[in-house]
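Visitor: The structure's right below; bear with me while I get my questions together.
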Amino acid sequence: MSSGRCAACRYLRRKCTQGCILSPYFPSNNPQRFVSVHRIYGASNVTKLLQLLPTHLRAEAADSLYFEAQCRLEDPVYGCVGLIFMLQQHINAVESQLVKTQAEIAVMKSQGQNRETQQAEPDFNNLLLRQSDNEAPLSFPNQVSSGFI
Amino acid sequence: MRGQEPRSTSSCAACRLLKRRCNPNCIFAPYFRSDEPKKFAKVHKVFGASNVSKILIEVPEEQREDTVNSLAYEAEARLRDPVYGCIGAIALLQRKMIQLQHDLALARSCLARYTATPSCIGSTDVPVIADPLGDFPAGCGGSIDSFSWNLSYELNQEAHMYDFSQIPYV
């Protein structure tokens with residue numbers, strides 16, 4: 001690679017020095033990547049942005065800039081904000097469904113608990129009646145009947 | 001209101017920042033009012049005036065306001081998070097969506113169980129709470145462990161960084 005200019009320097013028609021900040025992230029084998037980023041942000045802004053970042057974060061930054069630039073080129077009005085808006089709408093829809101399903105579960109649970117309570121009451125009555133048969137019948141049934149009216 | 005009197009020398013925020021005369025056909029003037037200097041400053045810092053102008057020229061006039069607002073939103077996101085910008089917000093939302101879909105699938109299977117066997121109400125069932133993003137601790141039967149709930153809670157907390165409610169075009 002005798003004249004190994006990066007895609008950025010090739011596009012900008014300038015010499016690509018050894019310390020070129022753009023060359024690691026805009027290799028010559030993918031010229032379109034820099035073209036997209038340049039169209040939306042400009043070389044100067046991209047350079048300034050990358051210079052402000054620590055070296056180990058620059059690759060991620062370059063990737064995210066490329067993604068956003070692509071989104072903006074495909075949708076000049078909303079760019080990637082359109083994607084955010086769409087995701088928010090989907091999330092709202094799924095949340096509504098989840099709340100609705102949870103409410104249905106709560107209803108089913110309470111219906112089941114009511115059923116259990118109703119099944120428990122006759123057993124208690126029978127138990128008391130059997131006890132009253134075995135023991136002194138005089139006072140106990142009165143107390144029972146007054147409790148279950 | 002101020003500003004309604006015709007002033008031939010009133011510059012928009014863009015022309016003020018760029019220190020140039022604001023002519024009547026200024027493409028920025030309708031969208032970058034002089035009382036909102038920060039809006040243009042942010043957009044200019046990230047995209048540059050020339051690029052913004054080219055983008056606005058390419059879109060129909062009736063869509064330029066939305067375009068400017070979305071550019072302002074992206075610029076704000078990029079200045080807050082220089083590494084990921086809006087992509088960070090998108091990633092968060094995608095994770096949130098996946099988590100919610102998972103929760104919904106579990107809730108639906110739970111509901112299907114109740115519907116199939118209405119008498120089957122075990123004492124181990126976790127009570128369902130209405131807030132899907134906060135207190136819904138697990139699916140019925142304890143299928144979702146506390147880790148998933150914590151992740152859901154963290155996503156909800158982190159999402160506030162980006163203040164999506166500010167998107168004007170609902």
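Just so you know, all these numbers are worked out from the coordinates, no wet-lab data involved. Since the model is a prediction, treat every value here as computed from it, not as a measurement. Here Cβ is always computed from backbone atoms with ideal geometry, including for glycine, and neighbour counts include all displayed protein chains.
Visitor: Among B:I57, B:L71, B:C22, which residue has its Cα positioned farthest towards the positive end of the charge dipole of the stretch B:13-80, with +1 placed on the Cβ of Lys and Arg, -1 on the Cβ of Asp and Glu, and the dipole taken about the Cα centre?
Guide: The listed residue farthest towards the positive side: B:C22.
Visitor: In whole Hz and in residue order, list the ³J(HN,Hα) couplings for the stretch A:104-112 that follow from phi through the Karplus curve 6.51 cos²θ - 1.76 cosθ + 1.60, θ = phi - 60°; x for Gly and Pro.
Guide: With coefficients 6.51, -1.76 and 1.60, one gets 5, 4, 4, 5, 4, 5, 5, 5, x Hz.
Visitor: Semi-axes, largest first, in whole Å: what does sqrt of 5 times each Cα gyration tensor eigenvalue give for the stretch A:1-74? Working shown, then result.
Guide: Values: eigenvalues 69, 44, 21 Å².
Over the Cα atoms of the stretch A:1-74, the semi-axes work out to 19, 15, 10 Å.
Visitor: Computed over the Cα atoms of the stretch B:13-80, what is the ratio Rg over Rh, Rh following Kirkwood? Numbers along the way, then the final one.
Guide: On the way: Rg = 11.1 Å, Rh = 11.9 Å.
That ratio is 0.93, to two decimals.
Visitor: Using a basic spin-label model with each label point 7 Å from the Cα along Cα→Cβ, how many nm lie between B:V59 and B:A116?
Guide: Here the modelled spin labels are 5.0 nm apart.
Visitor: Might you report the magnitude of the Cβ-based charge dipole of the stretch B:13-80 about its Cα centre, with Lys and Arg at +1 and Asp and Glu at -1, to the nearest 20 debye? Numbers along the way, then the final one.
Guide: Numbers: 13 positive and 9 negative charges, 113 e Å.
Once rounded to the nearest 20, the dipole reads 540 debye.
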